[in-house]
1. Among Gly447, Gly438, which is assigned to a helix (DSSP H, G or I) and in contact with a Ser or Thr (Cβ under 6 Å, 6 or more places away or on another chain)?
2. Failed condition for Gly651, given (1) within 23 Å of Ser555 (Cα to Cα); (2) at pLDDT below 85; (3) under 47 Å from the mean Cα position of the chain (by Cα), with all others met?
3. Would you mind stating whether Pro98 is part of a loop (DSSP other than H, G, I, E, B), farther than 25 Å from Val219 by Cα and assigned by TED's automatic domain parsing to the domain that holds Pro420?
4. Check off (1) at pLDDT below 80; (2) closer than 25 Å to Val533 by Cβ; (3) among the polar types (S, T, N, Q) for Thr611 and give me the number that stays unchecked.
5. Considering only residues of the stretch 172-211 that are outside any helix (DSSP H, G or I) and at pLDDT below 85, which is nearest to Met243 (Cα to Cα)?
6. Could you please let me know if Val214 is at pLDDT 50 or above, in the same structural domain as Pro90 (by TED's automatic domain parsing) and either on the phi > 0 side of the Ramachandran plot or within 18 Å of the chain's Cα centre (by Cα) (or both)?
7. Any residue in the stretch 297-308 that is of a type in the set (Phe, Trp, Tyr), in the same structural domain as Ser407 (by TED's automatic domain parsing) and either on the phi > 0 side of the Ramachandran plot or not in a helix (DSSP H, G or I) (or both)?
8. Note down all Cβ pairs under 6 Å where the first residue falls in the stretch 163-177 and is without any contact (Cβ under 8 Å) to a residue 60 or more places away in the chain, the second is in a loop (DSSP other than H, G, I, E, B), and they're at least six residues apart or on different chains.
Amino acid sequence: MADDEEAVELVGGSEAAADEGVMSASLYDRFDQWRSHRYILPRHYKLQTEEDTRKYSLWSVNFMITCSAINTKMLNPNFAIMCNPYSGNPASFESTSPFGFNSATYFIPMCTLIGVAIASIFIGTMSDRLGRKSLMLVLGWISAVGSIVKYFTRHTFWGFCISNFIFGFFLGNLPIGMAYVGDIEQNQKKKEQLLGMVVGCFVLGSSGGGIIAVLMADVGLFAPLWVGAGLMVIANILSHKYMIEPAKNVVEKPIDIDIEDKFTLNEDDEDVKRPEVIDQKTLWNIVGGALLDNIGSTGLFPLCLSPLALETYYAQFEMKGEEPVMSILAYQWLSVCVALLVIPSTQMTPWFFERLGVAGVCVFGNSCTAIVTSVLLLIATAFPATNLSFGFFVFSMYSGFPFTVFSQLTTGPMLDAIAPADKIGFVQGLNNASMNFGMALAPWVFGLLADATSTTAAIITGICFSVAAALANAPLMRHPLMGKQSPKPPAQKRIFKGEDEEIVQKMLSGSYVDPELTLEIAKHRAMNGMPTVVPRVRPYGEEKETLGKLAKDASATFEFRRELADRILAGLASGKDDPENLEFSKEELVQFLNTVSRGDNQDQELIHQATTDLGVWMGDYLEDNGYSPHTASVLMKQMFMTAFPRLTDDGPELTEENLEEYLIRNRRVMNSYAEHKKKTSLLGIFARNAGGYHGHGWW
């Protein structure tokens, strides 16, 4: 026992410390055991820390959404043929009673989309509770089976419609994908881009399904369903392997940041700070605007293609026995390829987000939808149906369509901005529900309207809905998270992760910072490829009363700079005698110094502005301290050149050849300032000479 007590005394010196020591020893023993045992790292840690793991996980999610969209819209180009008993195709339905051609054509996709819309209301919330991956896989496997079941119900119109409705419930995985992005990405800009990519994959899949149908036209109207089933199987396998469920207990708490008095923004300030509760008024404003937008978009697509283009450039010629301007094959390709234009839309939206804000881009997209639809209606009704007018019709649709998609790419980011961490799936589910209700009901209702009145009346109604959507979304432009954001400071004016915010803030504000700390920050940034700090040049008026302190603080900087030059020169000298033990090479040092001063990652305009501001400071100082720079500019230049002798002879760029000479000259300047009696800065030199030179202003 005595030995134990002595050991305890040696370890800690007290009972508490002894317990601590025993615990530490036990911990070390367990660590040795852990090193020899196998372990499994939870995958969500890799999702948070490994870029490749995160990339593959997102790719698998996007591929699943693409394949689901393919299955949702795969047969769309064939519906007009299916619902026409006189098409000559044996696979067409014998009857679509009680619907006419237009309403029957839109009733089939309506059945699928109604199922998707209803499911979307619940799927988002279910994924919040049950997890994103498990629910995504369940929906995926059932959708694969559903494509096969739909193939075997192809013989009757109503049997096919019912199967589309039932399995539509399992194709609504878009809100899960959008919620998944909200889970794993905190940076606002990156989140907006990723959400746009998710929606882009959905629209791309919608187009891709139609392309498959057109390419397989000779095989059969319903044959593409087998391809859809196979794609879903592949998507499920990839998601099972690569998709990683995000950690549920890692939730970023909301932080209120007041940046009014900051000269910069911390890099973290761009991260999403989620609210604790949903702003219900804003939520329903967004959802209502999205619903109006999707109804209005129906006037553009598909109504401007079917029935408008189909009637104008094909049907009327076919009824007269004349050669149509547009063939059925051309109509099918036009209808499926127009969705490919969402790709340039996703690339353009970040640029528009920065300039208009998310809500502003939404209103812009609504307005473009109304304008493009009006132009297409005008071309098809006011001009004769010729190859030339058809060419203008296609050109107007394809050039304007990418801008009309903007409104659909903004709803996701707007909803994500107001969603608490545990409600991301819920709000994205509402978004998907409103979108699918609009896409499901609007074409069918407009089809009934076109049958009862005219195609023109139906399209004009769609234009009115687009205008209403723009008006409904306009108030969101005043929302602080959705309106145009204040321009972010350049990288040189920011605080990056891992840096001491207080120190960098002082540097950026133009305050004195210990020179050694300044060097450490410069070194850290250069090593990580980040731009160096460009401090604010305080106006002379702000510092007029504190020039003494400025001069006093400068002495430490001069001495540090001199010592730093000494160390570098000594290192280079030792390297000449013993090259193998050289601590650093000239090449490394030159690269570091050039990067810190004027590297490729520097904002040259910002550097020029800082230089100009310093020149203004000098001019104000001279004028306020007895000099007359406006009459003695030549003398001032001579004094500046004396105070700031040339450090390099061939421009500011450092090379291995001029490095040593640069360091020697730099040391000479720093040494002269450091050794100067009580005059440790250029300000002191000027102040000393003020009375002697100015006198009676003889110059």
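The values are calculated or read from the model by the stated rules, or taken from the named source; none is laboratory data. Note that the structure is predicted; figures quoted are calculated from it, not measured. Cβ placement follows ideal geometry from the backbone for every residue including glycine, while neighbour counts extend to all protein chains displayed.
1. Only one candidate qualifies: Gly447.
2. Unmet condition: (1).
3. yes
4. Result: Thr611 fails condition (1) only.
5. Glu185
6. Taking the combined requirement at face value, the residue does not satisfy it.
7. Within the stretch 297-308, one or more residues are of a type in the set (Phe, Trp, Tyr), in the same structural domain as Ser407 (by TED's automatic domain parsing) and either on the phi > 0 side of the Ramachandran plot or not in a helix (DSSP H, G or I) (or both).
8. Pairs that qualify, where the first residue is without any contact (Cβ under 8 Å) to a residue 60 or more places away in the chain and the partner is in a loop (DSSP other than H, G, I, E, B), are Ser163/Thr153.
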